[in-house]
Amino acid sequence: MTRLTLALLLTLLAIAPVASVAGVGGTATPLAAGQGGDAPAATTERSGTVVTIQANNTTRRLDITAAGRSNYSTPGMDLASTVAVTGQRIDQGLRFEYLSVRVERAGSAARRRAIADAEVERLNQAISELRDREWAVLLAYGNGEISERELLHRLAVIHSSASTIGAAATQLEEDGADFNADDLRRRAGELQTPIRAQVSEALSGQADTPVRVHVRGSEAGLVLQALSESRFSRDYYREAIRFDNYEEGANTYSLNEFLDLLNSRYPYATTFDADLDETTDGTNVYVNSHDQGDIRLYNDGRTEAIYREYQSLRLSDLPRGGVETVTENGTTVSMQLTPNGGPAKLVATNALTGDAVPAEVYVDGELVGQTGGGGSIWILQPSDEYTVTVETPDGTVVLQRPASTTNATVAA
């Protein structure tokens with residue numbers, strides 16, 4: 001058998017860059033009130049114990065019923081987290097070196113099979129323990145035991161650990177271990193998200209721009225939001241987890257029933273040719289791309305509810321909602337919303353000339369970015385009512401925003 005130690009180590013130690021920004025600049029064109037009126041008003045439907053808020057032209061968003069904590073966080077370099085992640089990857093690489101030697105020296109096919117089976121079992125156990133760690137971290141934040149920064153640091157380490165386990169499963173499969181790594185990769189993927197990848201880059205100092213995340217949580221669950229910019233796309237990332245929608249036990253919910261649920265709760269993002277699978281721990285998984293981005297949904301077969309949702313949406317493709325405009329101290333500030341609690345685009349211009357105005361933008365007193373040369377910035381909206389303060393060279397402009405409506409499927 002060929003020893004793939006070097007290839008494995010390269011796989012485990014490679015970190016793909018993901019550019020990220022808290023606010024994305026644009027042109028200084030003021031937002032007219034008639035622009036982007038393609039997002040109809042939301043309507044609320046109530047059926048049994050489930051409340052669904054339906055709006056057209058975009059995806060629904062899983063939400064938590066109430067948030068005990070809500071804040072922005074900008075994680076920076078963290079040596080301890082970086083050392084922990086790197087150490088895990090090196091340990092896994094050395095383990096494969098050891099396994100490769102054992103397999104080469106095994107005297108029979110049965111012995112080689114036993115070595116591979118033992119490693120698969122170890123990886124399965126590692127994923128189960130990692131998921132328990134993630135759950136404990138999320139609950140610790142919801143209970144007020146750790147800060148937003150600590151939460152994001154720990155989730156980034158868990159993300160990297162899951163990535164390492166998934167890569168190890170793939171390496172076993174490619175080394176001819178005679179096993180299908182799909183289930184292990186699927187379970188590892190549940191702990192990996194674009195936001196956690198962004199934070200991981202920030203911790204290791206590889207992020208091109210500061211990473212800003214809006215965190216909202218309670219004892220019932222967690223919602224994270226972030227913005228990202230690459231050469232090809234400007235994206236809105238959102239992940240939501242509901243503790244109360246998950247229970248331990250056997251899965252009694254079929255994939256066909258799950259698909260029917262998706263078609264009723266997520267009609268915009270549901271097609272019948274998407275990836276639909278069940279994991280060995282009783283979770284149904286749905287992965288799909290649509291004309292505004294990508295979505296991953298995790299359904300618990302015991303509660304028959306969605307307990308985990310990851311979305312990546314392109315800012316350019318999100319429908320636009322209403323525009324609010326305020327003029328103070330010679331500056332006009334316009335803010336255009338996207339539906340269902342999505343990000344909002346803010347533009348600051350000179351009230352007389354229409355030229356772009358450089359400004360610092362604060363949400364509830366927290367600096368979220370600068371408008372830059374283009375005079376615009378995308379901001380992450382809190383769900384509760386909030387205040388936007390725009391500081392310009394000529395003075396301050398203040399906008400008051402009511403609580404936003406999330407197009408969610410939540411327990412009543």
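The values are calculated or read from the model by the stated rules, or taken from the named source; none is laboratory data. Just so it is clear, the structure is predicted and the values come from calculations on it, not from any experiment. Neighbour counts are summed over all protein chains in view; Cβ atoms, including those assigned to glycine, are modelled from backbone coordinates with ideal geometry.
Quick rundown of the values:
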read-out: Residue that is nearest to Thr389 (Cα to Cα), among those in the range 326-362 that are without any contact (Cβ under 8 Å) to a residue 60 or more places away in the chain and among the hydroxyl-bearing types (Ser, Thr, Tyr); value: Tyr362
read-out: Odd one out for Asp277, checked against (1) at pLDDT 95 or above; (2) more than 24 Å from Leu222 (Cα to Cα); (3) in the same structural domain as His214 (by TED's automatic domain parsing); value: (1)
read-out: Count of residues meeting criterion [on the phi > 0 side of the Ramachandran plot and under 18 Å from the mean Cα position of the chain (by Cα)] in the range 307-342; value: 2
read-out: All strands (runs of 3 or more DSSP E) inside the range 229-322 with 3 or more residues being under 26 Å from Asn180 (Cα atoms); value: 275-278, 283-290, 293-300, 305-314
read-out: Residue pairs meeting the criteria (Cβ under 7 Å; at least 6 apart or on separate chains; first within 18 Å of Tyr253 (Cα to Cα), in the range 267-284; second among the aliphatic types (A, V, I, L, M) and assigned to a loop (DSSP other than H, G, I, E, B)); value: Gly282/Ala250
read-out: Scope the range 58-72; condition within 14 Å of Leu139 (Cα to Cα) and crowded, with 17+ Cβ neighbours inside 10 Å; matching residues; value: Ile64, Ala67
read-out: Test: residue in the range 106-120 that is modelled with pLDDT of 75 or more, surrounded by fewer than 16 Cβ atoms within 10 Å (Cβ to Cβ) and among the basic types (Lys, Arg); value: yes
read-out: Residue within the range 309-327 that is of a type outside the set (Gly, Ala, Ser), at pLDDT below 90 and more than 30 Å from Ser230 (Cα to Cα) present; value: no
read-out: Residue identified as touching a Lys or Arg at 6+ places or on another chain (Cβ under 8 Å), modelled with pLDDT under 95, outside any helix (DSSP H, G or I) and not aromatic (Phe, Trp, Tyr) among Gly144, Gly176; value: Gly144
read-out: Residue in the range 192-239 that is nearest to Trp135 (Cα to Cα), counting only those that are out of contact with any His (no Cβ under 9 Å at 6 or more places or on another chain) and of a type in the set (S, T, N, Q); value: Ser218
read-out: Residue check for Gly365: out of contact with any Asp or Glu (no Cβ under 9 Å at 6 or more places or on another chain) and either on the phi > 0 side of the Ramachandran plot or free of Cβ contacts under 8 Å to residues at least 12 places away in the same chain (or both); value: yes
read-out: Scan of the range 121-166 for residues that are buried (at least 21 other Cβ atoms within 10 Å of the Cβ) and among the small types (Gly, Ala, Ser), ordered by number; value: Gly142, Ala156, Ser160, Ser161, Ala162, Ser163, Gly166
read-out: The range 353-412: number of residues that are surrounded by fewer than 19 Cβ atoms within 10 Å (Cβ to Cβ), modelled with pLDDT of 90 or more and either assigned by TED's automatic domain parsing to the domain that holds Arg238 or not in a strand (DSSP E or B) (or both); value: 8
